[in-house]
Amino acid sequence: MNITSKCRLNNGYEMPYFGLGVYKAAPGKETIEAVSYALEVGYRLIDTAAVYGNEKEVGIAVAESGIPREEIFITTKLWNDDHGYDSALKAFDESLKRLQLDYVDLYLIHWPVPGLRKESWKALEKIYADGKCKAIGVSNYMIKHLEEMKEYAEIIPAVNQVEFSPFLYQKELLEYCRSNKIEVEAYSPLARMKKKDNPVVNSIAKKYNKTHAQILIRWCLEHKLIVIPKSSNKKRIKENADVFDFELSKEDMQMLDSLNENFRVSWDPSEIE
């Protein structure tokens, strides 16, 4: 596995396992520089969202990179206020306009908004059918939300992007997605460094001469998760990508798996009916 390694989604389209998240990257110079540098050091997956307010800057960085468009995988997301069939179609077109792109690679429903999930998914199916995105999926969907989708979805989501780390090892959800041919994408894989003093992670990091963050990212990759650590810092962007020259032993993986404590740094979607 290397920085450009890809998984094959359930529709045959390929998506890199490793990428850059731009959540909370400030619109303007910060986002442009972070994305530009990430592309420069080999990242090929960039994950943004309408609510982040930085789609325009992601588009600028992609355009200025000189890298052929088809080599870069762009994800964006439908925000909660834009749910509903017509609203979702309009919101997607606005995202595309801000990104200055002809298509996005992956469009996700950001959160499972009650009452409007069916209409929103139908809009995504239309966007996909029209060729404006290469794959569609969801984010923060728990098993109950995915089960509900079976009642109305003509297309199975290609991806479910959820918070995932050794401290939030959602094994049951992962196994469910795998058995339903849905790739799991991990956001906040570093738990926003709120567990940076964890002795297990830090002893493993010492053993491999890696950082705390690198061990958490590698853990995701070993579980065949798509992973999108967020950073605007050049040193950390490069460091986060330096995870392809080692493998964690089976014993170390088991130790990391055992750290689960359902620790979340984001909202808990299991509370959403």
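Each reported figure results from applying straightforward, stated rules to the coordinates on display, with no laboratory input. Worth saying up front: this structure is predicted, and the values here are computed from it rather than measured. Using ideal geometry, Cβ is built from the backbone for each residue, glycine included, and neighbour counts are taken over all protein chains shown.
Brief remarks follow.
- Across the options 170, 108, 189, the greatest Cα extent toward the positive end of the charge dipole of the range 99-233 (unit charges at beta carbon of Lys, Arg, Asp, Glu) belongs to 189.
- Taking every DSSP helix (H) stretch of at least 4 residues in the chain, weighting each as -39,500 (n - 2.57) and dividing the sum by the residue count yields a mean residue ellipticity at 222 nm of -11500 deg cm²/dmol.
- Anisotropy class of the range 25-133 from Cα gyration tensor, a/c 1.5 cut: prolate
- Neighbour cut-off at most 16 other Cβ (10 Å), DSSP loop, trypsin sites (Lys or Arg not before Pro), the range 162-212: 181, 194, 196
- Rounded to whole numbers, the Karplus 3J(HN,Hα) couplings from phi for the range 105-116 are 7, 9, 10, 10, 7, 5, 9, x, 5, x, x, 10 Hz, using 6.51 cos²θ - 1.76 cosθ + 1.60 with θ = phi - 60°, and x at Gly and Pro.
- Using a cutoff of 8 angstrom between alpha carbon atoms and counting only pairs six or more residues apart, the relative contact order for the chain works out to 19 percent.
- Between the range 153-167 and the range 176-214, the alpha-carbon center distance in angstrom: 17 Å
- On the principal axes of its alpha-carbon atoms, the range 37-96 has extents of 38, 19, 15 Å, going from largest to smallest.
- Shape category assigned to the chain from the gyration tensor of Cα positions, a/c cut at 1.5: oblate
- Karplus-based coupling profile of the range 134-149, in residue order and whole Hz: 8, 7, 10, x, 9, 9, 6, 8, 8, 4, 4, 6, 5, 5, 4, 4, with θ = phi - 60° in 6.51 cos²θ - 1.76 cosθ + 1.60 and x standing for Gly or Pro.
- Neighbour cut-off at most 13 other Cβ (10 Å), DSSP loop, GluC sites (Glu not before Pro), the range 61-161: 151, 154
- Choice from 252, 130, 82 showing the highest fluctuation, given a GNM over the chain with Cα pairs closer than 10 Å: 130
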